[in-house]
Amino acid sequence: MGKLVIFSAPSGSGKTTIVKELLKRFDCFEFSISATSRQPRGAEQNGVDYYFLTNEEFKERVARNEFVEWEEVYQGACYGTLKSEMERIWNNGKVIIFDVDVMGGINLKRLFGEDACSMFIMPPSIEELERRLRGRGTDAEEVIQKRVAKAEFEISKAPEFDHVVINDKLDVAVDEATEIITRFLK
Ligand code: ADP
Ligand code: 5GP
């Protein structure tokens, strides 16, 4: 078994942006591609951003015990980490980097303990989170409202993570995450 670094945050906090920057900085990382039952968004590609499954396919794979963890993150939209994905990355000799929801992050940390470093990306405020979701321009208003409504609960879970990084200025947040990861990998 290898190591893993977990990023969780309310949607719109900037964790995907931060993870993409870290993938450029660290050669040792490979991104864990999750499975999801939601539709592709914008330019997302199957097998790159997610493994896109139908609801039925997702349920069948749950029944076959193929997931390390999975959550119905938003009503009707399931997301999960496949055991085969973790094995694929560790077999490549890489450290796994995760972008998962808050409950998924807490569960992965529980499962992998000291081999895992969990980070919560904190938005400067809920208002800024909403601005970023609108600015991203990828979600319908109803979807944005659902994500903002969930943010307060998610923020209440921040103390359960190993580290909390505030994403106000992006370069400051990426530098902070870089330092934490460098210490963890030593
Ligand atoms: P998440 O993966 O947490 O849902 P994203 O990485 O998609 O969030 O970021 C949401 C939006 O906010 C994107 O449009 C992104 O460019 C923008 N963003 C990310 N970090 C910052 C920041 N520090 N300041 C301003 N905008 C940011
Ligand atoms: P999005 O629809 O914006 O891509 O993702 C919605 C949420 O699902 C984000 O919080 C994202 O981190 C989370 N997510 C993505 N993959 C997984 C996964 O494998 N497991 C869990 N628990 N959450 C995930």
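Every number in this text was worked out from the coordinates using simple rules, so none of it is lab data. Just so you know, these numbers come straight off a predicted model, no measurement behind them. Counting neighbours? That spans all protein chains shown, and the Cβs are built from the backbone with ideal geometry, glycine included.
Rg then Dmax, both in Å and based on the Cα atoms of the chain: 15.7, 44. Once backbone amide H atoms are built at 1.01 Å from N, K3 has I96 as its partners under 5 Å, excluding neighbours fewer than 5 places away on the same chain. What the Cβ-Cβ distance of E56 and W90 gives, at R0 = 30 Å and to the nearest 0.05, is a FRET efficiency of 0.55. Using the Cβ of D168 as centre and a radius below 12 Å, the other residues enclosed give a net charge of -1, where K and R count +1 and D and E count -1. Database remark: amide H of E69 closer than 5 angstrom to the amide H of T81 (H placed geometrically; neighbours at sequence offset of 5 or more, or on other chains; Pro and chain starts carry no H). Could you check which residue among G12, G105, G137 shows the biggest mean-square fluctuation in a GNM of the chain with a 10 Å Cα cutoff? Between G12, G105, G137, it is G137 that shows the largest mean-square fluctuation. The charge dipole of the range 4-185, taken about its Cα centre with unit charges on the Cβ atoms of Lys, Arg (+1), Asp and Glu (-1) only, comes to about 180 debye.
Taking springs between alpha-carbon atoms closer than 10 angstrom, which of A140, A77, A35 fluctuates most in the Gaussian network model of the chain? Of A140, A77, A35, the most mobile in the Gaussian network model is A140.
Of the beta bridges in the chain, as assigned by DSSP with both residues counted there, near 30 percent are antiparallel.
Tell me what the chain gives for mean residue ellipticity at 222 nm when only DSSP H runs of n ≥ 4 count, each as -39,500 (n - 2.57), the sum divided by the residue total, rounded to 500 deg cm²/dmol.
-14000 deg cm²/dmol
If you plug the beta carbon distance of K150 and R110 into 1/(1 + (r/R0)^6) with R0 = 25 Å, you get a FRET efficiency near 0.75.
Close amide H pairs (under 5 Å, H built 1.01 Å from N) link D99 with F7, S32, residues at least 5 positions away or on another chain.
Expressed as a whole percent, the proportion of Cα-Cα pairs in the range 125-186 lying more than 16 Å apart is 58%.
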